[in-house]
């Protein structure tokens with residue numbers, strides 16, 4: 001029995017010695033990728049494109065930016081907050097009594113779509129939603145289908161969805177009935 005305890009102590013000491021030696025010889029720069037330069041010509045894992053094939057997009061298109069500034073000016077002296085490009089899944093959730101498959105079906109449909117602008121009051125209550133419609137909203141089948149989905153969804157939960165055509169200037173007085 002004493003030899004068994006002696007063996008366990010020896011094994012413990014060996015493991016402890018090896019662990020301490022690894023900690024002492026640890027070199028973080030060996031594991032850190034300090035520069036993207038060496039990866040520029042390689043494809044990252046998980047199908048991410050090469051560094052040289054990527055570029056940063058603008059958050060807004062030129063028309064969305066114009067509408068944003070118009071909204072900001074129109075509501076400058078009111079307690080209205082303007083949020084942009086909000087996922088529908090962040091605005092709407094399903095009730096707990098629907099089936100699991102229905103839940104995930106709805107989630108995947110809503111998580112891939114966004115609303116251009118969301119107006120809230122100072123208590124974060126959603127007042128109305130704004131969509132900026134491009135020319136494609138009139139004839140592109142997929143876009144028309146997405147627009148119908150959004151229209152029906154927000155009509156069912158009583159949140160006003162206002163659509164503006166892609167013009168230079170928008171009549172924002174329409175929004176006052178929902179906001180004031």
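Worth a mention:
- Within the range 51-90, considering residues that are touching a residue at least 60 places away in the same chain (Cβ under 8 Å) and part of a loop (DSSP other than H, G, I, E, B), the one surrounded by the fewest Cβ atoms within 10 Å (Cβ to Cβ): 78
- Residue within the range 151-158 that is in contact (Cβ under 8 Å) with a residue 40 or more places away in the chain, surrounded by 12 or more Cβ atoms within 10 Å (Cβ to Cβ) and closer than 23 Å to residue 61 by Cα present: no
- Residues satisfying the stated conditions in the range 71-98, i.e. out of contact with any helix residue (DSSP H, G or I) (no Cβ under 9 Å at 6 or more places or on another chain) and modelled with pLDDT under 90: 76, 77, 79, 95, 97
- The range 108-119: number of residues that are part of a helix (DSSP H, G or I) and either surrounded by 14 or more Cβ atoms within 10 Å (Cβ to Cβ) or free of Cβ contacts under 8 Å to residues at least 12 places away in the same chain (or both): 3
The values are calculated or read from the model by the stated rules, or taken from the named source; none is laboratory data. Computed from a predicted structure; not experimentally measured. Using ideal geometry, Cβ is built from the backbone for each residue, glycine included, and neighbour counts are taken over all protein chains shown.
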